[in-house]
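Here is the structure we will look at, set down as structure tokens.
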Amino acid sequence: MNGLELAVQEARKALAEGEVPVGAVLMRGDEVLWADHNRREQLHDPTAHAEMLCLRHGAEAFGDWRLQDCTLYVTLEPCPMCAGAMVMSRVKKCVFGVPDPEKGCCGSVYDLPADPALGSTGSWEEAYGTAEAEECRSLLQECFRKRRTEK
């Protein structure tokens, strides 16, 4: 199972728990350092995005905050906070399922990792057209459709 498939599994858990269905997996080669999903509602923590939880706990598991040998797989393009944390932790690569045209900071609204002022050496790519990308989109649509009908 690839990293994005694992991230989709985490996103499903988030949806079942009433969270926005975003999942993330931090890997070093084939080794999963941490897999998690959004927990903002559960933890009452605005920073409890899937990516932040993976970076925090993954660095602990890795034994170093420098994650230059790691890839972060995430179902939705990272926001400014998460993109900044990836740059600061020196994540080598980020693969995301779908772009976020409202808050995405890996190319959609802004390309924070590509800003030369930050000196990033990572690479960032959208998994456009993959089966996982379609499921990422579907989970998000389901979540927001439910929220609209519940109001």
When the range 86-127 is checked residue by residue, the ones that are more than 23 Å from PHE62 (Cα to Cα), hydroxyl-bearing (Ser, Thr, Tyr) and under 15 Å from the mean Cα position of the chain (by Cα) are SER108
What residue, among those in the range 130-150 that are in a helix (DSSP H, G or I) and open to solvent by less than 50 Å² (accessible area, probe 1.4 Å), is farthest from ALA24 (Cα to Cα)? CYS143
Anything in the range 1-54 that is within 12 Å of the chain's Cα centre (by Cα), closer than 19 Å to ALA127 by Cβ and small (Gly, Ala, Ser)? List them, or say none. GLY3, ALA7, ALA11, GLY23, ALA24, ALA35, ALA50
Scanning for something under 14 Å from LEU4 (Cβ atoms) and touching a Leu at 6+ places or on another chain (Cβ under 8 Å), does the range 45-52 turn up at least one residue? yes
What do you reckon, is ALA14 open to solvent by less than 30 Å² (accessible area, probe 1.4 Å), in a helix (DSSP H, G or I) and either in contact with a Leu (Cβ under 8 Å, 6 or more places away or on another chain) or within 19 Å of ALA133 (Cβ to Cβ) (or both)? yes
Counting just the residues of the range 1-11 that are open to solvent by 10 Å² or more (accessible area, probe 1.4 Å) and not hydrophobic (A, V, I, L, M, F, W, C), which one comes out modelled with the lowest pLDDT? ASN2
Which residue pairs have Cβ atoms under 8 Å apart, sit 6 or more places apart or on different chains, and have a first residue in the range 135-151 that is under 13 Å from THR75 (Cβ atoms) and a second that is in a helix (DSSP H, G or I) and open to solvent by 90 Å² or more (accessible area, probe 1.4 Å)? LEU139/ARG12
Of the residues ASP36, ASP100, ASP64, only one is more than 20 Å from CYS136 (Cβ to Cβ) and either of a type outside the set (Val, Ile, Thr) or free of Cβ contacts under 8 Å to residues at least 60 places away in the same chain (or both); which? ASP64
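The values are calculated or read from the model by the stated rules, or taken from the named source; none is laboratory data. Just so you know, these numbers come straight off a predicted model, no measurement behind them. All Cβ positions, even for glycine, are placed from backbone atoms using ideal geometry, and neighbour counts span all protein chains on display. Only protein heavy atoms, including side chains, enter the accessible area calculation; ligands, DNA and RNA are left aside. Shrake-Rupley method; radii C 1.70, N 1.55, O 1.52, S 1.80 Å.
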